[in-house]
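A.B. asks: This structure is in C-alpha cells; I'll ask about it shortly.
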Amino acid sequence: MGTRRHEPYPDQRREPDDNALARAQAALTEALKELSRLTRDPLFDRVDEVIADLVNAPARSRAGLDTVHKLRDLGAEHERMAIELEAAAHCCRLAEREIKQRVDALLAVWERQPSAMRGPDPEAPPTITRRRSSRDGWLGEIFHRGRADSRPSEEGTAPVTREHEHRPTPLPVARQTPDPEPIKAMPAADIAALTLGPLEVRVAGRLVPKWTSLKARAVFQYLLVHQDRPTRRDVLMALQWPDHSHTSARNNLNVALYSLRNSLDGLGGMAQPIVYRDGCYILNPELTWWIDRNEFLTALDDARLADRTGRPEQVMNSYHMAIQLYRGPLFDDDGAGEWYLPEQRRLKDLYGQALERVAEIHFRRGELPEVLRFGQLGLDNDPCSEAIHRLLMRCYAAQRQQQFVSRQYQVCTTALREELDVSPSDETTQLFRDLICAREQVFMR
C-alpha cells in the first residue's frame, strides 16, 4: 500500500529565512513611508507663495510673467507628484491583495489536512499566541511560500524567472532623419541622450542602434526625466507593471534593468550607467551625462536671467540655443507611455514661448523676415497661439501687405474654431480692426 505524502508537522517546519523575511517586511513598509514623505513635500507651500506673488505683481509686468512661468513649472511638479502618490498607494493595495490571497491559500491547505497531521489544536491559546506574535510565525511563512521556485535575483545579474516580460504593442518606426545639429555640437560625455523628439542615446560616442526591451527603454526614460531625484523601486514597478503582484513586478523590473544595462554597455571597466542606492535607482553620478532636455531648460533660464539683467544679445543667443535643441515633443516616437505627457506638454509650451519671445525681439528690431520665420515655427507648434497670430498680423501690416493681415486673421479664426471651438479674443479682433482701419485711412488721404 502506497504511502500518502503530507506536509511536515507545524513544529517540524523550517522557519523562514531572515533575509526573505526582511524583504517581505520592506515591501510592506516602503510604500507607506513614501506616501508619508510625499505628503510632507514643501511643494505645496511653494505654490501658495507663488500665487501670492502673482496677486501682488503689477498687471502685464515682467515679474508677473515670471510668476506665471513658475506656476507652469509647479503645475508640472504637481502632476509628477500625483503620479508618485498613486504609485505608492498602488503598491499598498498590491501588498494587501497579496497578503489576503496567501493567507486564504494557507488556511485552505491547513483545513484540508487530517486532524492528526495538523499537530496541536489550532485553538489552543499557547500555540496561537506564539505563532501570531512571533516574527517567525504565519506571516513569514506566507511570504516564504512560493519563493523557492522563483526568487528575485540580485541587482545587476540576469534573473531566472518563469514569467515573461509583458510587452506593449510595438512602437512605430522612428523617422529616418540625419543626425540633428545638437548631436554634432554637444560636448563629450559618457552618455548622451536626445529626448526632445525621437529618443536617441549614445554611449561613449556609439549610437545605441535598437532597444531589445521596450520596458527597459521605458524605465530609462523615467530615470532621464527624473535625473534630479532618486526613483524608488516601487514607483517603477507600479508604473510599468500595474496589474502584477509585487513579486512579479519586481522580477520583471530586474529583467528590464538587466536588458537596459546590456543596451547601455560600452563604457568599459566596471562602470554602470544605472546604480541602486538606499532602495532607489539613479543615473550614475560618477559618469558624465548630456541630456538635451536639461540643456533646453538651462538655456531658457539663461535667457530669462539675461533679459532681467539687460543683456539683449545673450537673450537671443540663449533662446536660439533652446530652439535648436527642441527637435520635437518629448519622446515623440513612444506611442505607449502616458506618465510623461504632462512634462511633454510643459516643454512644448516652453518651446512655444521661446519662439514667441524671439519673434517679438526681431519685430522690435525691424527684422521682419525673421519674424515670419519664427512666427511660422510657433504656429507649427501651436496653431491656436493668438499671440503669434497677432504678431504676424502686425508684421504684414508693417510690410503694407493688407491682404495677408486679413488672411492671417482668418487662419487664426479657423484654427480656434476647429481646435477649441472658440472665437478669437477681443484683443485679437480689436487689433485686426485697428490694422484694417489704419490702412483705409492711408488710402483716404
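Values quoted throughout were computed directly from the atomic coordinates according to the rules given, and no laboratory measurement underlies them. As the structure is a prediction and not an experimental result, all values here were calculated from the model. Note that we place each Cβ from the backbone using ideal geometry, even for glycine, and neighbour counts take in every protein chain shown.
A.B. asks: Looking at the range 372-424 from every direction and averaging, what is the projected area of its Cα convex hull in nm²?
C.D. replies: Across all orientations, the range 372-424 yields a mean hull projection of 3.2 nm².
A.B. asks: Dividing the alpha-carbon Rg of the range 340-444 by 2.2 N^0.38 Å yields what?
C.D. replies: 1.11
A.B. asks: Ranking Tyr258, Tyr319 by Cβ neighbours within 10 Å, fewest first, what do you get?
C.D. replies: By the 10 Å Cβ count, ascending, the order reads Tyr258, Tyr319.
A.B. asks: Further, regarding this structure: Among Trp339, Trp289, which comes first, second and so on when ranked by fewest other beta-carbon atoms within 10 Å?
C.D. replies: Least crowded to most crowded, the residues run Trp289, Trp339.
A.B. asks: On to the next question. Can you tell me the length gained on complete extension of the stretch Asp332 to Thr298, counting 0.36 nm per residue apart and subtracting the Cα distance?
C.D. replies: Taking Asp332 through Thr298 to full extension adds about 10.1 nm, to one decimal.
A.B. asks: Would you list the P(r) distribution for the range 219-366, with all Cα-Cα distances sorted into 10 Å bins from 0 and each bin expressed as a whole %?
C.D. replies: In order of increasing distance, the bins hold 9, 31, 29, 18, 9, 3, 0 percent.
A.B. asks: Over all alpha-carbon pairs in the range 268-342, figure out the percentage whose distance exceeds 17 Å.
C.D. replies: 64 percent
A.B. asks: Using just the Cα positions, wrap the range 332-386 in a convex hull and report its mean projected area in square nanometres, one decimal place.
C.D. replies: Averaging across all directions leaves 4.3 nm² for the Cα convex hull.
A.B. asks: Here is a follow-up. Report the far tail of the P(r) of the range 181-291, meaning the percent of Cα-Cα pairs longer than 21 Å.
C.D. replies: That fraction is 35 percent.
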